[in-house]
Amino acid sequence: MAVMSFMPVFSKREELELLQLHGLQWTVNHAYYNSPFYREKMDRHGVKPDQIRSLDDIRRLPFTTADDLQEGYPFPLRAVPFEKIVRIHASSGTTGKRKILCYTQKDIDDWAIMFARCFEMAGLNVLDRVQIAVGYGLWTAGVGFQLGCERFGAMAVPVGPSSSEIHCQMLVDLQTTVFCSTASMALLIAEEIERRGIRNKIALKKIIFGAERHSKRMRERIQELTGAEHLFDIPGMTELYGPGTGLECIAHEGIHYWADFYILEILNPETLEPVPPGEIGEMVVTTLRKEAAPLIRYRTRDLTRFLPEPCKCGNLLPRHDHILGRSDDMFIFRAVNIYPGQIDYVLSRIDGIGSEYQVHLYHREDGRDVMLLKVERDIGKSADGDRELAEEVSRAIRRHILVRAEVEILDYGSLPRTDRKSKRVFDHRNMER
Ligand code: ZN
């Protein structure tokens with residue numbers, strides 16, 4: 001089946017960089033001359049558009065933050081007149097006001113191309129049937145998947161986050177080949193497929209999921225119950241169009257991101273200087289073509305790292321790792337900078353524990369800081385092995401993160417279920433002083 005390609009055409013890194021430089025210059029000009037917010041910010045920072053002559057000059061530009069979006073509510077960063085705006089989307093906003101972002105028709109078209117590229121990267125063809133189980137509405141997810149699927153040319157089955165009854169019916173009757181949802185929804189449907197004994201009646205090959213933290217074990221369970229050959233993590237945030245700005249590839253080693261649509265910097269969240277390639281830092285994004293609400297050095301607070309080696313799949317688009325947590329969650333314990341993503345990583349490699357955890361930090365009377373790590377025993381495991389399990393977790397933390405942690409094993413399901421933007425570090429140290 002012949003499929004139109006949505007991949008950018010470039011054969012070397014230098015060609016991509018030239019494309020990025022042109023996009024950066026266009027964006028800075030556009031923002032400076034059309035958005036009072038950016039103009040004021042750049043004037044205050046003492047930088048003019050004509051000073052951006054190389055990609056390194058991006059570091060002359062001031063940062064944009066979530067607070068800036070709240071201050072400009074309900075049309076933050078707007079850089080086009082209202083007659084050019086055709087749509088808005090909003091994120092639920094884990095803290096404070098919703099973030100509302102506006103789009104021109106070109107922004108919507110660009111987003112559709114990026115999303116179609118995701119389906120191409122996942123190896124779909126136009127005969128695929130794509131069941132969309134994420135929410136429609138203000139949220140970018142449902143409409144984004146739909147837009148990309150139609151642009152790609154596959155068949156969209158827009159069910160939304162409906163009952164598992166309807167999902168299972170569509171999986172059987174329409175012979176859906178691709179399922180798009182959050183990770184927990186995928187697990188729910190996988191368990192429902194098992195319960196109903198319909199595994200042999202469905203044709204599911206691929207699952208694309210995002211917007212939520214998920215463990216290696218959760219992926220394995222979904223795959224085992226559905227028989228899907230590939231699971232793909234799709235990153236995305238409303239500020240940067242929505243989901244569809246990158247995708248895990250068929251080699252399953254990190255996420256290729258669409259570097260012809262935005263520049264990704266990975267910076268130390270404290271010093272705001274670039275981290276060495278391969279080290280964890282905060283994702284900071286600058287759009288290259290976005291008209292209505294361009295982003296200039298937007299601090300996402302999401303943590304990840306570059307994967308600098310060429311990918312086994314052969315695609316030249318650069319890669320970053322899965323989202324490893326939030327920079328707000330970084331904490332210092334006995335002079336070591338620790339990101340929850342590192343703890344996640346360690347825990348995901350130990351058998352017998354669930355994927356939820358909490359970190360509690362205390363200051364003891366003898367002056368020492370103590371870390372208490374609460375983790376859940378895996379579903380169906382007996383409490384008899386708790387002591388050994390706690391010791392194993394503690395040893396692994398010491399080996400990989402070089403700190404000592406006390407470990408408490410809890411019953412499965414006793415910690416609150418959270419998404420990857422939720423709080424899991426509780427620092428009680430200052431309160432006690
Ligand atoms: Zn790849």
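The values are calculated or read from the model by the stated rules, or taken from the named source; none is laboratory data. This is a predicted model, so every value here is computed, not measured. With ideal geometry, Cβ positions are generated from the backbone for all residues, glycine too; neighbour counts draw on all protein chains shown. Protein only, heavy atoms only, side chains kept; ligands, DNA and RNA dropped before computing areas. Shrake-Rupley method; radii C 1.70, N 1.55, O 1.52, S 1.80 Å.
Taking the condition closer than 24 Å to Lys312 by Cβ, within 13 Å of the ligand (Cβ to nearest atom), in contact (Cβ under 8 Å) with a residue 60 or more places away in the chain and open to solvent by 30 Å² or more (accessible area, probe 1.4 Å), does Ile250 pass?
Numbers: closer than 24 Å to Lys312 by Cβ: yes; within 13 Å of the ligand (Cβ to nearest atom): yes; in contact (Cβ under 8 Å) with a residue 60 or more places away in the chain: yes; open to solvent by 30 Å² or more (accessible area, probe 1.4 Å): yes.
Yes; evaluated as a whole, the condition is true for this residue.
Please work out which residue is nearest to Tyr412 (Cα to Cα), limiting yourself to region 355-374 and to residues that are among the hydrophobic types (A, V, I, L, M, F, W, C) and without any contact (Cβ under 8 Å) to a residue 40 or more places away in the chain.
Of the residues in region 355-374, the ones among the hydrophobic types (A, V, I, L, M, F, W, C) are 359, 361, 370-373.
Among the residues that remain, those that are also without any contact (Cβ under 8 Å) to a residue 40 or more places away in the chain are: 370-373.
Numbers: Val370: 24, Met371: 21, Leu372: 18, Leu373: 15 Å.
Taking the candidates together, the pick is Leu373.
Write out, first by first residue and then by second, each pair whose Cβ atoms fall under 7 Å of each other, whose residues are 6+ apart or on separate chains, and whose first residue, in region 190-218, is at negative phi and open to solvent by 20 Å² or more (accessible area, probe 1.4 Å) while the second is at pLDDT below 95 and assigned to a strand (DSSP E or B).
Partner pairs satisfying both residue conditions: Arg217/Ser355; Met218/Ser355.
Within region 152-175, does at least one residue satisfy the condition of being of a type in the set (Gly, Ala, Ser), assigned to a helix (DSSP H, G or I) and open to solvent by less than 10 Å² (accessible area, probe 1.4 Å)?
Checking region 152-175: not a single residue is of a type in the set (Gly, Ala, Ser), assigned to a helix (DSSP H, G or I) and open to solvent by less than 10 Å² (accessible area, probe 1.4 Å).
Where the second residue is part of a helix (DSSP H, G or I) and of a type in the set (Asp, Glu) and the first is assigned by TED's automatic domain parsing to the domain that holds Phe82 and within 11 Å of Phe152 (Cα to Cα) and lies in region 100-128, which pairs have Cβ atoms under 8 Å and are six or more apart or on separate chains?
Ala112/Glu150
Starting from residues that are crowded, with 23+ Cβ neighbours inside 10 Å and assigned to a loop (DSSP other than H, G, I, E, B), keep the ones in region 129-148 and report whichever is modelled with the highest pLDDT.
So, considering only residues that are crowded, with 23+ Cβ neighbours inside 10 Å and assigned to a loop (DSSP other than H, G, I, E, B), the one modelled with the highest pLDDT is Ala133.
Of (1) open to solvent by 10 Å² or more (accessible area, probe 1.4 Å); (2) among the aliphatic types (A, V, I, L, M); (3) over 14 Å from Gly210 (Cα atoms), Met237 satisfies all except one. Which?
Every condition holds for Met237 apart from (3).
Among the candidates Pro294, Pro340, Pro318, which residue alone is within 18 Å of the chain's Cα centre (by Cα) and within 30 Å of Gln105 (Cα to Cα)? Working first, answer last.
Numbers: Pro294 fails: within 18 Å of the chain's Cα centre (by Cα); Pro340 fails: within 30 Å of Gln105 (Cα to Cα).
Exactly one residue qualifies, and that residue is Pro318.
Residue by residue, here is whether (1) out of contact with any His (no Cβ under 7 Å at 6 or more places or on another chain); (2) more than 21 Å from Leu16 (Cβ to Cβ); (3) part of a loop (DSSP other than H, G, I, E, B); (4) among the small types (Gly, Ala, Ser) holds:
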site: Pro269; (1), (2), (3), (4): yes, yes, yes, no
site: Leu272; (1), (2), (3), (4): yes, yes, yes, no
site: Thr286; (1), (2), (3), (4): yes, no, no, no
site: Arg289; (1), (2), (3), (4): yes, no, yes, no
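Applying the selection to region 134-180, what residues are among the small types (Gly, Ala, Ser) and closer than 20 Å to Ala112 by Cβ? Even if it seems obvious, please write down each step before you answer.
Taking region 134-180 as the starting set, the residues that turn out to be among the small types (Gly, Ala, Ser) are 135, 137, 141-142, 144, 148, 153-154, 156, 160, 162-164.
Passing the criteria: Gly135, Gly137, Ala141, Gly142, Gly144, Gly148, Gly153, Ala154, Ala156, Gly160.
Could you tell me which numbered condition Ser327 fails, if it satisfies all but one of (1) in contact with a Leu (Cβ under 8 Å, 6 or more places away or on another chain); (2) within 16 Å of the ligand (Cβ to nearest atom); (3) not charged (D, E, K, R)?
Going through (1) in contact with a Leu (Cβ under 8 Å, 6 or more places away or on another chain); (2) within 16 Å of the ligand (Cβ to nearest atom); (3) not charged (D, E, K, R) one by one, Ser327 breaks only (2).
Within region 269-322, how many residues are free of Cβ contacts under 8 Å to residues at least 60 places away in the same chain, open to solvent by less than 40 Å² (accessible area, probe 1.4 Å) and within 16 Å of the ligand (Cβ to nearest atom)?
2
State the number of residues belonging to region 77-122 that are open to solvent by 10 Å² or more (accessible area, probe 1.4 Å) and either small (Gly, Ala, Ser) or on the phi > 0 side of the Ramachandran plot (or both).
4
With the requirement that a residue be farther than 25 Å from Thr65 by Cβ and assigned to a loop (DSSP other than H, G, I, E, B), what does region 316-356 give you?
Leu316, Leu317, Arg334, Ala335, Ser348, Arg349, Ile350, Asp351, Gly352
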